[in-house]
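Single-structure report; data block below.
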Amino acid sequence: MRIAGAPISWGVCEVPGWGYQLPADRVLREMREVGLTATEFGPDGFLPTDEILRDLGLSAIGGFVPVILHDPGHEPAVDFERFVAAGADTVVLAAATGQDGYDSRPVLDARGWQSLLTNLDKLAAAARERGLRAVLHPHVGTMVEQTAEVERVLDGCGIGLCLDTGHLLIGGTDPVVLAQRAGDRIAHVHAKDVDDSVAAEVRAGRLGYTEAVGAGMYKPIGDGDVDFAAVAAALQRHDYDGWWVLEQDTILTGEPAGEGPIADVRLSAGRLREILAAQAKR
């Protein structure tokens with residue numbers, strides 16, 4: 001089972017002012033305590049050295065890279081060499097708006113869409129030249145969030161997708177349906193569960209994304225509304241053999257009381273292992 005961790009489950013995020021940030025040594029040590037053997041990078045500067053990963057028996061599998069793709073006057077650049085040097089293989093791109101945070105976004109015109117799709121193919125090709133795989137992460141508050149936008153990417157370029165079960169559901173896409181219909185384009189998975197009643201408030205514009213995260217929109221796997229068994233079954237039919245990265249986007253307001261975020265990660269890891277084991281027996 002290729003199950004990895006992500007620092008965002010411990011509240012570590014690239015967004016300025018997101019919340020209290022736990023130190024890398026605690027986050028990585030707790031990943032190992034729940035049996036994870038790999039992690040995504042987290043924000044720039046979060047991992048002080050690769051040595052800390054080796055000491056804990058963790059490997060780096062890739063990272064989340066917001067990049068402006070829609071501006072015809074902007075040449076997107078990604079530090080692929082960082083991934084190569086760390087032995088990672090997956091570059092998780094997000095179509096950044098150019099604004100801080102994920103609470104608002106502009107509307108793209110035809111020229112902006114053409115630039116976005118062209119740049120996705122260019123970055124995917126540049127990644128392949130370095131032995132890496134680039135995928136696009138549909139993400140709330142980016143230029144690719146809603147179902148029609150995901151479809152436009154699938155139809156308009158050849159890049160693979162990161163199936164983020166939570167962000168897709170919040171954006172109005174059923175991750176089960178997408179996995180069933182476009183499983184051959186899915187090359188990476190971010191596994192997170194969502195309280196869809198809160199997500200509906202975000203979709204309707206009555207609640208901002210950051211506010212919703214703070215209100216507990218993301219749940220441990222099995223406590224929300226994503227059907228992970230159906231997602232796993234759909235991906236198995238498409239012979240998916242990539243990573244399942246546990247993510248439960250969290251905002252901390254200070255030093256956590258008690259166990260802190262590890263408690264939810266432990267719960268999600270155990271439940272995901274059970275789901276994938278049951279699916280493998282079928």
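The values are calculated or read from the model by the stated rules, or taken from the named source; none is laboratory data. Source: prediction; values computed, not measured. Cβ placement follows ideal geometry from the backbone for every residue including glycine, while neighbour counts extend to all protein chains displayed. These area figures cover heavy atoms from the full protein model, side chains too; ligands, DNA and RNA do not enter into them. Shrake-Rupley method; radii C 1.70, N 1.55, O 1.52, S 1.80 Å.
Worth pointing out:
- Largest first, the residues E14, E81 sort by 1.4 Å accessible area into E81, E14.
- Beta bridges by DSSP in the chain, antiparallel share as percent, to the nearest 5: 5 percent
- Shown in residue order for the stretch 138-151 are the 3J(HN,Hα) couplings computed by the Karplus curve 6.51 cos²θ - 1.76 cosθ + 1.60 at θ = phi - 60°: x, 8, 4, x, 10, 6, 10, 10, 8, 4, 4, 6, 4, 4 Hz (x for Gly and Pro).
- Evaluated at q = 0.11, 0.14, 0.19 Å⁻¹: base-10 log I(q)/I(0), Debye formula over Cα of the stretch 111-188: -0.26, -0.42, -0.77
- For the stretch 77-149, the fraction of alpha-carbon pairs in successive 10 Å shells from zero, as %: 19, 45, 30, 6
- Accessible surface, per residue, of the chain when the full set of protein chains is kept, probe 1.4 Å, Å²: 42 Å²
- Vicinal HN-Hα couplings computed from phi for the stretch 53-70 (Karplus, 6.51 cos²θ - 1.76 cosθ + 1.60; Hz; Gly/Pro x): 5, 4, 4, 9, x, 10, 10, 9, 9, x, x, 8, 10, x, 9, 6, 10, 8
- Cα gyration tensor category, rounded, prolate or oblate, for the stretch 186-277 with a/c compared to 1.5: oblate
- Computed about its Cα centre, the charge dipole of the chain is approximately 720 debye, with only Lys, Arg, Asp and Glu carrying charge at their Cβ.
- Cross-link reach list, lysines versus K219, counting only Cα pairs under 21 Å and skipping chain neighbours closer than eight places: K192
- Going by accessible surface with a 1.4 Å probe and the largest first, D196, D44, D223, D241 read D44, D241, D223, D196.
- Selection from L58, G254, Y209 lying farthest towards where the dipole of the chain points positive, charges on Cβ: L58
- Three-way shape call for the stretch 146-189 based on the alpha-carbon gyration tensor, with the a/c threshold at 1.5: oblate
- In the context of the full protein assembly, V67 retains an accessible surface of approximately 10 Å², using a probe radius of 1.4 Å and ignoring ligands and nucleic acids.
- Look at where the Cα atoms of the stretch 250-282 and of the stretch 103-149 average out, and the two centres are 29 Å apart.
- Cα gyration tensor shape for the chain, rounded if a/c is under 1.5, else prolate or oblate: rounded
- Legend: residues V231, V15, sorted from most to least accessible area (1.4 Å probe; ligands, DNA and RNA excluded), read V15, V231.
- When the Cα convex hull of the stretch 38-134 is projected onto planes of every orientation, the mean area is 6.8 nm².
- For the stretch 226-239, backbone phi angles converted through the Karplus equation (6.51, -1.76, 1.60; θ = phi - 60°) give residue-by-residue couplings of 7, 8, 5, 4, 6, 4, 4, 5, 5, 5, 4, 5, 9, 6 Hz, Gly and Pro being listed as x.
- Counted charge near E33, where neighbours are those whose Cβ lies closer than 13 Å (Asp, Glu -1; Lys, Arg +1): +1
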